[in-house]
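Worksheet: the structure to be examined is printed underneath.
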Amino acid sequence: MKKIFLFALFIPMLSFGQLDGLLKKASDKVKAKSTAASSSKSGNILTSNLDIASGLKEALQKGVTEQVTKLTAVDGFYQNQAVKILFPEELQKVDRALRSIGMSSLADEGIKVLNRAAEDAVKEATPIFVNAITSMKIADAKNILLGADNSATTYLKTSTSTALYSKFSPVIQQSLEKVGADKIWENIIAKYNKVPLVTKVNPDLNDYVTNKAMDGVFTMISVEEKDIRTNISARTSPLLKKVFALQD
């Protein structure tokens, strides 16, 4: 109060120009503080957004690395009931027919080699996923974080399916040959087509196994994503803990 009184006494002693200068300096200080506060706030938002993007990328990298590694191991598909490749629907009758005439071992071997081909092909997936992850935008990351438990997996599926199919298909073809699946399946189809009164079949196994291999990869990445979202102990880095705490 005393300062205000002294300032009031002092005002009449100032010229108009001097008073205007004082007011301008005061105004400039207020603007400077306001700008600094705004800049600091924007900086915090930017940092937060960058953290979200980095956290989501780390989560996807973790999911891809862990699950693709599991799937490429021997029996990675064959012993995993969530992704195991069975006879395609149109060939279920082949499976039943073979088993009914005492050829269960041939049917089992046919299923096994399909899974072996998928295990072999999935090794090609990681570079494609890495490219999609590193290309993720901040807006994508925010939508994923606040989305469903499989939002990150859905993003990967949308971003990589075309490239994965193009990459998987020739590898699956080579893998079917490498594991002897082509010969085994030629034998299976030949045996089946000799069964009286059946409709002959000639399936496109390459397309079928390619799509099933892709489905298997996305299924397991989805499992990893849900674990990170719902299980705090699965968040194995400070960044993952910080970012996913936002959606808890």
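Every read-out reported here was derived from the displayed coordinates using simple, explicitly stated rules and does not represent laboratory data. In this text, all values refer to a predicted model and were calculated from it rather than measured experimentally. For neighbour counting, all protein chains shown are included, and Cβ atoms are generated from backbone atoms with ideal geometry for every residue, glycine included.
Quick notes
- A prolate overall shape is assigned to segment 136-223, the ratio a/c of its alpha-carbon gyration tensor axes (a ≥ b ≥ c) being 1.5 or greater and a/b exceeding b/c.
- Taking 87, 77 and counting other C-beta atoms within 10 Å, the order from fewest to most: 87, 77
- Among 169, 104, a tally of other beta-carbon atoms within 10 Å of each Cβ gives an order, fewest to most, of 104, 169.
- When the pairs 112/157; 167/200; 137/178 are compared against a 28 Å limit on Cα-Cα distance, 167/200; 137/178 fall above it.
- Kirkwood-based shape ratio for segment 91-201, expressed as Rg/Rh from alpha carbons: 1.18
- Tail beyond 17 Å, pair distance distribution of segment 172-248 (Cα, percent): 65
- Potential lengthening between residue 158 and residue 69 on full extension [0.36 nm per residue; Cα-Cα distance subtracted]: 29.9 nm
- Residues 95, 108, 204, sorted so that the one with the fewest Cβ neighbours within 10 Å comes first: 204, 108, 95
- Summing charges over all other residues whose Cβ lies under 12 Å from the Cβ of residue 49, with Lys and Arg as +1 and Asp and Glu as -1, gives 0.
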